[in-house]
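Below: one structure, written as structure tokens.
The values are calculated or read from the model by the stated rules, or taken from the named source; none is laboratory data. Computed from a predicted structure; not experimentally measured. Backbone-built Cβ (ideal geometry, glycine too); neighbour counts: all protein chains shown. Side chains are part of the model used for accessible areas, which takes the heavy atoms of the whole protein and leaves out ligands, DNA and RNA. Shrake-Rupley method; radii C 1.70, N 1.55, O 1.52, S 1.80 Å.
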There are 2 protein chains.
Amino acid sequence: MRFVLAAGTTRTAQIDGISAAGAAPDLMAHTPSADVEIVEYGRPVRAPIVPVSPSGCPTPAVITRAVREQLDFELTVIDAGLIRPTSTPTVSVGARGGEDVRETEPVPRAREIYEEARRFGAALPDDSVMIGETIPGGTTTALGVLTALDEDITVSSSLPDNPLRLKRNVVSEALAASDLSRGDAAGDPVFAVNSMGDPVLATVAGFTVGALESGTDVTLAGGTQMLAAAALVRHAGIDDPLGLATTSFVANDETVTLTRACDRLDLDLEVTDPEFNENDHVSMQRYVEGEGKEGVGMGGALALADRAAVDMDSLRDNVVEVYDRLHGDADGP
Amino acid sequence: MRFVLAAGTTRTAQIDGISAAGAAPDLMAHTPSADVEIVEYGRPVRAPIVPVSPSGCPTPAVITRAVREQLDFELTVIDAGLIRPTSTPTVSVGARGGEDVRETEPVPRAREIYEEARRFGAALPDDSVMIGETIPGGTTTALGVLTALDEDITVSSSLPDNPLRLKRNVVSEALAASDLSRGDAAGDPVFAVNSMGDPVLATVAGFTVGALESGTDVTLAGGTQMLAAAALVRHAGIDDPLGLATTSFVANDETVTLTRACDRLDLDLEVTDPEFNENDHVSMQRYVEGEGKEGVGMGGALALADRAAVDMDSLRDNVVEVYDRLHGDADGP
């Protein structure tokens with residue numbers, strides 16, 4: 001099992017109120033670079049910040065790292081449009097940072113990224129892979145892509161109160177800017193990403209298509225952004241079995257109808273509950289209160305822990321350890 | 001323990017008769033990209049070749065990979081001037097492919113690469129690291145650097161008959177092209193690399209200096225190129241303990257006076273003999289005959305195997321397995 005993370009950016013995250021993936025808008029550009037350092041090394045190395053939400057909810061990278069310290073899975077990070085330096089080794093697929101979805105072409109290189117990622121996914125020697133994402137603002141571009149494909153699926157949020165009305169307004173503006181109506185990109189995933197998406201969606205969709213075409217099992221590790229990626233794969237005409245592993249926080253999000261979406265997209269759904277309500281540490285309480293929910297492959301990592309029968313008590317202890325290390329209360333790994 | 005590989009290129013490798021790190025000169029540019037794929041994935045993924053010498057000696061990446069399949073060490077690859085695509089995730093230090101050492105400035109970005117690698121080495125959270133290299137033509141640039149520093153150390157060769165006279169002629173031409181005499185770069189490692197080296201040496205030297213400065217133990221994994229890297233570190237004024245882990249093939253190379261060089265540079269020498277004479281498989285016989293010798297961190301990987309008390313019999317079986325997989329006689333990992 002190889003665990004792949006597509007890390008990138010979209011200027012859509014700069015829209016006020018869209019994302020909680022950073023303590024302040026100007027720090028958000030560092031979030032994906034820091035996230036992949038936390039999963040790779042256990043703490044930021046070159047990134048100047050530890051990503052937290054404005055209210056102090058720690059990045060889900062903490063949970064994915066905690067699982068990695070228990071299971072030591074192979075990690076491969078794809079540069080899907082990072083705009084700040086990272087010390088984590090990355091595979092290039094030719095991506096650059098995504099523009100605001102309200103531009104005509106937020107991902108002008110969508111075709112190139114998709115094809116490069118597809119070749120990479122097809123060439124990997126593994127029998128099975130998981131792929132997750134880290135991109136602030138990604139649920140809004142996911143909604144954009146789902147709308148362009150005419151998939152009636154709503155998206156989740158890293159905020160406790162999902163700003164769905166704001167996202168829908170942004171998507172309406174984005175459609176208008178690209179001179180599109182709902183459904184105009186149905187059956188054309190690259191066009192959908194090019195005009196309404198972000199470089200991470202181009203990467204995850206291309207990678208998944210390539211991996212499936214070469215006979216590799218794929219599990220999408222994440223929430224509603226991964227539903228958008230799955231929709232892109234289905235609109236590419238790929239009918240192979242495909243899994244989605246996410247957290248109970250997404251499954252319990254009442255703004256999302258997860259099982260219906262998985263039925264519609266023919267996805268094998270795997271929901272893992274890390275039972276964060278069993279621990280009142282700050283690293284977990286915000287999740288219990290509905291913040292964070294997913295990202296950085298958290299749901300997939302938890303599924304791996306569950307499959308390997310890792311004790312959730314000990315995993316929660318590890319989450320506290322990683323968190324305290326990040327916040328200076330403990331020594332490095 | 002983190003195992004780091006600096007992978008790059010120098011046009012010096014194109015000089016006829018200089019390097020055995022490829023079946024033909026035009027394939028040599030792919031060698032480092034393929035090497036790091038073999039260590040990362042067990043076989044080339046994006047690189048179109050399996051590196052072998054003109055006589056069929058397999059790349060030492062095969063041995064390093066065989067050790068990794070036994071020990072599963074953490075691998076971090078630095079792009080130290082690759083000029084062909086690779087699917088292995090890499091850390092960027094701003095390197096580009098090196099020019100022919102007979103140019104005035106074969107590594108014009110030496111300062112930037114050295115400083116970036118130094119920051120990376122200093123920031124890593126590990127207690128101890130090993131660093132190895134893959135760069136065809138690298139022993140010639142190593143001789144160039146050693147000469148510029150006035151270190152009286154000869155270099156080894158991936159060829160069974162070391163073309164030392166040719167290398168010395170190239171180095172003489174290189175000195176003249178840079179308007180230098182022997183020793184003119186003593187005490188100035190960046191200048192030595194800039195005018196007589198390659199981007200891998202800039203990377204390894206900078207990384208090692210940064211790691212040592214931050215209190216991390218460093219073992220240089222390789223042969224005479226790593227002696228040149230060690231000389232650069234010493235000429236940077238760093239006196240910390242520093243290890244060199246290499247193979248018995250380098251230690252037994254009569255053109256090299258390894259122990260004297262290690263004394264002079266104050267290096268803790270660790271020589272590991274993989275006892276390839278115990279096996280007549282093609283993957284090992286060329287080494288017994290004096291080809292290959294080192295590279296892709298082979299000596300360091302063997303030292304890790306030895307320290308972990310890996311049985312050399314089983315390691316040799318694994319070498320055969322990796323080799324056969326690369327050459328289509330077995331299934332993937």
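Remark: mean inter-chain Cβ contacts per residue of B:161-167 equal 0, using a 10 Å Cβ-Cβ cutoff to other protein chain atoms. Sorted from shortest to longest, the distances between the residue A:278 label points of this copy and the other copies are 4.7 nm, with each point 7 Å from Cα along the line through the beta carbon.
Computed from the Kirkwood radius of its Cα pairs, the Stokes-Einstein diffusion coefficient for region B:106-167 at 10 °C and 1.306 mPa s stands at 112 µm²/s.
Tell me the per residue accessible area of chain A using a 1.4 Å probe; a whole number in Å² is fine.
Values: 11350 Å² over 333 residues.
For chain A, the per-residue accessible area is 34 Å².
Ordering B:93, B:71, B:328 by the projection of their Cα atoms onto the charge dipole of the protein assembly as shown, which places +1 on the Cβ of Lys and Arg and -1 on the Cβ of Asp and Glu, puts B:93 at the extreme positive end. Taking the C-alpha atoms only, the angle from helix B:224-235 to the longest principal axis of chain B is near 40 degrees. Along the axis that rotates chain B into chain A, which residue of chain B has the nearest beta-carbon, and what is the gap in whole Å? Nearest Cβ to that rotation axis, in whole Å: B:89, 2. Amide H contacts of residue B:76: B:3, B:4, B:5, each under 5 Å away and 5 or more positions distant or on a separate chain (H built 1.01 Å from N in the peptide plane; Pro and chain starts excluded).
Backbone phi angles across region A:55-62, fed through the Karplus curve with coefficients 6.51, -1.76 and 1.60 (θ = phi - 60°), yield HN-Hα couplings of 8, x, 6, x, 4, x, 4, 4 Hz in residue order; Gly and Pro are listed as x.
Report the accessible area of residue A:191, computed with a 1.4 Å probe over the heavy atoms of all protein chains in place, in Å² rounded to the nearest 10. About 80 Å², ignoring ligands and nucleic acids.
Only beta bridges with both residues in chain A are counted; by DSSP, about 5 percent of them are antiparallel. Separation of region A:40-74 and region A:173-191, taken as the distance between their Cα centroids, equals 35 angstrom.
With a ≥ b ≥ c taken as the square roots of the eigenvalues of the C-alpha gyration tensor of region B:133-213, please select rounded if a/c is under 1.5 and otherwise prolate if a/b is larger than b/c or oblate if it is not? Here region B:133-213 falls in the oblate category. Which shape class applies to region B:2-326: rounded if a/c is under 1.5, otherwise prolate when a/b exceeds b/c and oblate if not, where a ≥ b ≥ c are the square roots of the Cα gyration tensor eigenvalues? Verdict is rounded for region B:2-326. Interface B-A: total buried accessible area of about 1900 Å², 1.4 Å probe, protein heavy atoms only. Label-point spacing for residue B:309 across the identical copies (point 7 Å from Cα in the Cβ direction), in nm and ascending order: 2.8. Phi-derived couplings, Karplus 6.51 cos²θ - 1.76 cosθ + 1.60 at θ = phi - 60°, listed residue by residue for region A:172-182: 4, 4, 5, 4, 4, 5, 8, 6, 10, 10, 3 Hz, with x used for Gly and Pro. When the surface is traced with a 1.4 Å probe over the full set of protein chains, residue B:239 keeps roughly 120 Å² accessible. Within region A:74-102, the residues that become at least 30 Å² less accessible when every protein chain is included than when their own chain is isolated (1.4 Å probe; DNA, RNA and ligands ignored) are A:74, A:87, A:89, A:90, A:91. Only aspartates and glutamates eight or more places from residue A:167 in sequence, or on another chain, were considered; those with a Cα closer than 12 Å are A:16. Out of all DSSP beta bridges in the protein assembly as shown, what portion is antiparallel? Express it as a percent rounded to 5. So the antiparallel bridges amount to about 5 percent of the total. Placing a label point 7 Å from the Cα of residue A:289 along the Cα-to-Cβ direction, the distances to the matching points in the other copies come to 7.1 nm, shortest first.
Between the listed residues B:123, A:189, B:160, the Cα displaced farthest toward the positive end of the dipole of the protein assembly as shown, a dipole computed from Cβ unit charges relative to the Cα centre, is found at A:189. Cut-off under 17 Å on the C-alpha distance; same-chain residues fewer than 8 positions from residue A:293 excluded. Which aspartates and glutamates are left, in chain and number order? Candidates past the 8-residue exclusion: A:35, A:133, A:161, A:253, A:254, A:270, A:273, A:275, A:278, A:280.
Other residues within the sphere of radius under 11 Å centred on the Cβ of residue A:300, judged by their own Cβ, net out at -3 (K and R +1, D and E -1).
Here the Karplus curve 6.51 cos²θ - 1.76 cosθ + 1.60, taken at θ = phi - 60°, turns the phi angles of region B:216-221 into couplings of 8, 6, 10, 10, 7, 9 Hz, with x standing for Gly and Pro.
The H on the amide N of residue B:221, modeled in the peptide plane, is under 5 Å from the matching H of B:131, B:132, B:245, each at least 5 residues off or on a different chain. Taking a ≥ b ≥ c as the square roots of the eigenvalues of the alpha carbon gyration tensor, region A:45-85 is oblate, as a/c is not under 1.5 and a/b does not beat b/c. For region B:237-286 versus region B:119-164, the spacing of their alpha-carbon centroids is 13 Å.
Accessible surface of region B:2-326, 1.4 Å probe: 42 percent of it comes from carbon and sulfur atoms. Basic side chains Lys and Arg get +1 at the Cβ, acidic Asp and Glu get -1 at the Cβ, and with that the dipole of region A:2-326 about its Cα centre reaches some 800 debye.
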